[in-house]
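Below is one structure; the comments refer to it alone.
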Amino acid sequence: MSDARSACRFLGAPALAAVLASCGAGLPDRTSEPRRPNIVLYVVDTVRADRLGVYGYQRPTSPRLDAFAADAVVFENAYAQSSWTRPAVASLFTGLLPPAHRTVGRRSTLPEDATTLAEILAANGYEGMGLVRNPNVGRAFGFAQGFVRFRTEDRERDETMLDRVRPWLDERQDAESPFFLYLHAIDPHGPYDPAPEFEEMFEAAGAPEHYRTVRYLLELNRREVQPDEGTAEALSRLYDAEVAQNDRAFGTLLDELDVRGLTEDTAVIYVSDHGEEFAEHGRWEHGLSLYEEVLRVPFVIRLPGVPPRRIETPAQHVDLLPTLLAYLGIEAPPADGRDLLARRRRGDARPDVYAHLDVDVHRAASVIRGRYKLVLPQSASQGTAPMLFDLEADPGELEDLASERPKVVQRMLDLLADRNLTGEIAAAEEIEDDQIDEDVRRRLQALGYLD
Ligand SMILES: [Zn+2]
């Protein structure tokens, strides 16, 4: 029995009707069709687009990504669907906005009946392996669906994740089926504790020792400590050093593909789940607001046979699934995203960009249409008055125009309402505290997620 057929049988749940339909109708016939390319989905946690050379940054944080991007499709204006990991990756995996995947809160899980990218690929003959260094997208929260192998990694650095990938690639060297490798790296996420060589490179070694702890970042957000004049700059340097450290890890992965002769027939997707704040609006880290610094992410894809270019039209997480499946010739389930490589006709409207946040006490939604961005805070921590920004005139979102442009505000509130983003979103499924095992709890605490 072919891998694809056994995967279809394995996935025979009623909720996977769309996948099953594609299994029945579109089983790849290996005698006549060329093999589909392998796929590497490289998600790096917490990387802001504007800290990378390919997006215009001046410091040398990303030599490997920059070189990779020269042969790839670069989305210049790419957005996260949320400002923390779980809902953002749920959108990447399902092509759905948060009101549809309903994986929003601290305890919420990606529901079993969600149709994920890994499941669709498995149904079409792919063998999936997932390695995640962020437990927020671990098995306990539903993200292992569709992977034959999946584990949450406790390795010290992103670079050492490759130690697990190599034996797997060795093992399946003669495999007939293509692979889907999902790596979720996390070096740039707090605590900012780069290796000494990277600290030196970014002149970050002089930062006080406690700047390298999650506790300090939490205390800054709770206003329990006051930042000094140089705090944002010092934390920024440590962060840059970790971005660079991850870049080297990404480069090592590319080298590994090269050495194995896999580069030509492997699609590689590089994307971040969200950005990071350095007090541009008085906050630190992420998951607290929907300003550009937490929503603008790198999104670079290298697909065999697709010529390199830079695309200015906005892209967002929900677009990954329809784009990749269209490229592979696999029918996609209904999604909120669109195929980013489809030819656009003159007069096509610029796509609207949506984001949503509902974690702990922080709730907000946002939409960008053209030059305007509306943020609707919906909680005591955020306020409740809509804010309107002109991103062309004011990319730093410093001047709220809501009172001057009530008609624009209303139009954009209607857009949010149309997408069910103005009200509370009930989580699809939630995990109880006692269902989180000690190991996951410890890792979440190390990242600052649980007290
Ligand atoms: Zn994250």
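Identify, from the list D265, D273, D247, the residue that is surrounded by fewer than 19 Cβ atoms within 10 Å (Cβ to Cβ) and in contact (Cβ under 8 Å) with a residue 40 or more places away in the chain.
Numbers: D273 fails: surrounded by fewer than 19 Cβ atoms within 10 Å (Cβ to Cβ); D247 fails: surrounded by fewer than 19 Cβ atoms within 10 Å (Cβ to Cβ).
The unique qualifying residue is D265.
Please tell me if T94 is free of Cβ contacts under 8 Å to residues at least 40 places away in the same chain and touching a Ser or Thr at 6+ places or on another chain (Cβ under 9 Å).
no
Suppose we filter R139, R166 for residues that are in the same structural domain as Y192 (by TED's automatic domain parsing) and in contact with a strand residue (DSSP E or B) (Cβ under 8 Å, 6 or more places away or on another chain); which single one remains?
On the way: R166 fails: in contact with a strand residue (DSSP E or B) (Cβ under 8 Å, 6 or more places away or on another chain).
Step by step, each of R139, R166 is checked, and only R139 is in the same structural domain as Y192 (by TED's automatic domain parsing) and in contact with a strand residue (DSSP E or B) (Cβ under 8 Å, 6 or more places away or on another chain).
Let's see how each residue does on (1) in contact (Cβ under 8 Å) with a residue 40 or more places away in the chain; (2) part of a loop (DSSP other than H, G, I, E, B):
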position	(1), (2)
F150	no, no
D154	yes, yes
D163	no, no
P167	no, no
E176	yes, yes
H189	yes, yes
G206	no, yes
L217	yes, no
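Can you give me the number of residues within the range 302-325 that are farther than 19 Å from Y55 by Cα and hydroxyl-bearing (S, T, Y)?
1
Tell me the residue from E392, E438, E432 that is surrounded by fewer than 20 Cβ atoms within 10 Å (Cβ to Cβ), over 19 Å from W84 (Cα atoms) and touching a residue at least 24 places away in the same chain (Cβ under 8 Å), please. Full working, then the answer.
On the way: E392 fails: touching a residue at least 24 places away in the same chain (Cβ under 8 Å); E438 fails: touching a residue at least 24 places away in the same chain (Cβ under 8 Å).
Residue meeting the stated conditions: E432.
Out of all the residues in the range 221-239, is one or more away from the ligand (no atom under 16 Å from the Cβ) and under 18 Å from E153 (Cα atoms)?
Within the range 221-239, not a single residue is away from the ligand (no atom under 16 Å from the Cβ) and under 18 Å from E153 (Cα atoms).
Find the residue count for the range 77-117, including only residues that are basic (K, R) and within 14 Å of the ligand (Cβ to nearest atom). Give the derivation first.
Keep residues of the range 77-117 that are basic (K, R), which gives 86, 102, 106-107.
Next cut, within 14 Å of the ligand (Cβ to nearest atom) only: 86, 106.
Summing the residues that are basic (K, R) and within 14 Å of the ligand (Cβ to nearest atom) in the range 77-117 gives 2.
How many residues does the range 40-70 hold that are under 20 Å from E264 (Cβ atoms) and within 16 Å of the ligand (Cβ to nearest atom)?
2
Would you be able to say whether some residue in the range 171-191 is away from the ligand (no atom under 16 Å from the Cβ) and closer than 23 Å to R48 by Cβ?
no
Please give the number of the condition L131 fails out of (1) crowded, with 24+ Cβ neighbours inside 10 Å; (2) modelled with pLDDT of 95 or more; (3) touching a helix residue (DSSP H, G or I) at 6+ places or on another chain (Cβ under 6 Å).
With (1) crowded, with 24+ Cβ neighbours inside 10 Å; (2) modelled with pLDDT of 95 or more; (3) touching a helix residue (DSSP H, G or I) at 6+ places or on another chain (Cβ under 6 Å) applied to L131, the lone miss is (1).
Before we move on, is A144 in contact (Cβ under 8 Å) with a residue 12 or more places away in the chain, surrounded by 14 or more Cβ atoms within 10 Å (Cβ to Cβ) and farther than 23 Å from Y270 by Cα? It would help to see each step written out before you state the result.
Working: in contact (Cβ under 8 Å) with a residue 12 or more places away in the chain: yes; surrounded by 14 or more Cβ atoms within 10 Å (Cβ to Cβ): yes; farther than 23 Å from Y270 by Cα: no.
No.
Against the condition among the β-branched types (V, I, T), buried (at least 24 other Cβ atoms within 10 Å of the Cβ), on the phi < 0 side of the Ramachandran plot and out of contact with any helix residue (DSSP H, G or I) (no Cβ under 9 Å at 6 or more places or on another chain), how does V294 come out, does it pass? Quick ask: steps written out before the conclusion?
Details: among the β-branched types (V, I, T): yes; buried (at least 24 other Cβ atoms within 10 Å of the Cβ): yes; on the phi < 0 side of the Ramachandran plot: yes; out of contact with any helix residue (DSSP H, G or I) (no Cβ under 9 Å at 6 or more places or on another chain): yes.
Yes: the conditions hold for V294.
Among the strands (runs of 3 or more DSSP E) confined wholly to the range 351-392, which include 3 or more residues that are of a type in the set (A, V, I, L, M)?
On the way: elements: 353-359, 362-369, 372-377, 387-390.
Because the criterion is at least 3 residues that are of a type in the set (A, V, I, L, M), the strands (runs of 3 or more DSSP E) in the range 351-392 that meet it are 353-359, 362-369, 372-377.
With respect to P386, determine if the residue is in the same structural domain as V300 (by TED's automatic domain parsing) and surrounded by 12 or more Cβ atoms within 10 Å (Cβ to Cβ). Walk me through how you get there before you give the answer.
On the way: in the same structural domain as V300 (by TED's automatic domain parsing): no; surrounded by 12 or more Cβ atoms within 10 Å (Cβ to Cβ): yes.
No.
Out of curiosity, is G251 over 27 Å from Y216 (Cα atoms) and either modelled with pLDDT of 95 or more or touching a strand residue (DSSP E or B) at 6+ places or on another chain (Cβ under 9 Å) (or both)? Even if it seems obvious, please write down each step before you answer.
Values: over 27 Å from Y216 (Cα atoms): yes; either modelled with pLDDT of 95 or more or touching a strand residue (DSSP E or B) at 6+ places or on another chain (Cβ under 9 Å) (or both): yes.
In short, yes.
The values are calculated or read from the model by the stated rules, or taken from the named source; none is laboratory data. As the structure is a prediction and not an experimental result, all values here were calculated from the model. Counting neighbours? That spans all protein chains shown, and the Cβs are built from the backbone with ideal geometry, glycine included.
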